[in-house]
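Here the structure is laid out as C-alpha cells; the discussion comes afterwards.
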Amino acid sequence: MAEVLFYHLERRTLDDVLPGLVDKSLKRNWRVLIRTESADRAAAIDSLLWTYSEQSFLPHAQLGDGESARQPVLISVEEENINHAQILFLVGGATLSSWETGPGLERIVLLFDGRDGDAVATARAGWRTAKEAGHDVTYWKETPGGKWEKQG
C-alpha cells in the first residue's frame, strides 16, 4: 500500500506549491509522475517547471517528449507509470480509476484547491476510496504562515 497525502491549498496556488514538492522528491532520489486532467494543464506545468526558479533546474518532460521511461519527472494525462515513479502527484482534478497502486509507487499526493467546490468534492471522494483500499491516508492543510500542518 502507498502513503496517500491530501494537500488542501487555501493560501497558495498549485503553481506556488508543486515545484517545491517536486524538488524535494528529486532530492530523495525519487522519480516523479505528475498526472493532470488535461493536455493544456500538462503544458502549463511543463512551462512552470522550466521557469519557476533561476537557481534550480527540474529535469522533466511531457509524455511523448524524448524517452518518457527515462525521465526523472514525467508529466502526463495517462494513468500508466511509464517512468517507474515512486511518487505520483494528482493535480487539476486528475484522479485514479483505481486506488490499487502498481509496484514501486510509494506515495500519492493529491493537491486540491480548497476554494473550488468541485475540487473539494473530488478530494473527499478520493479520501474515502483510498482509505477503503487500505492506504495510509493523511490530510495536510496550510497554516497562516504558509507551512504544511498534518491534521487529525
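Computed from the coordinates by the stated procedures, all read-outs in this text should not be read as laboratory data. Quantities reported herein were computed from a predicted structural model and do not represent experimental measurements. Neighbour counts run over all protein chains shown; Cβ positions are idealised from the backbone, glycine included.
May I ask what percent, to the nearest 5, of DSSP beta bridges between residues of the stretch 3-151 are antiparallel? Kindly include the intermediate steps, with their values, before the conclusion.
On the way: 4 of 31 bridges.
Of the beta bridges lying entirely in the stretch 3-151, close to 15 percent run antiparallel.
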Cα to Cα, under 19 Å, and not fewer than 8 places away if on the same chain: which lysines meet these conditions relative to Lys150?
Lys24, Lys131, Lys141
If each part is reduced to its alpha-carbon centroid, the stretch 83-101 and the stretch 7-70 end up apart, in Å, by 13 Å
Rough spin-label spacing in nm, given labels placed 7 Å along Cα→Cβ, for Arg124 and Tyr139:
1.0 nm
Could you calculate the contour length gain from Arg28 to Glu54, that is, 0.36 nm times the residue separation minus the distance between their Cα atoms, to one decimal place in nm?
7.2 nm
For Glu100 and Asp16 in one chain, what is 0.36 nm times their gap in residues minus the Cα-Cα distance, to one decimal in nm?
27.3 nm
Positive minus negative residues near Ala39 (Lys, Arg vs Asp, Glu; Cβ under 11 Å):
-3
Hull surface over four for the Cα convex hull of the stretch 3-151, reported in nm², is 8.6 nm²
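For Trp148, what charge total do you get from the other residues with a beta carbon under 13 Å from its beta carbon, if Lys and Arg give +1 and Asp and Glu give -1? Please report the intermediate quantities before stating the final value.
Values: positive: Arg11, Arg12, Lys24, Lys141, Lys147, Lys150; negative: Glu10, Asp16, Glu142, Glu149.
Value of the local net charge: +2.
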Expressed as a rounded percentage, what relative contact order does the stretch 3-151 have, with Cα pairs under 8 Å and six or more residues apart?
34 percent
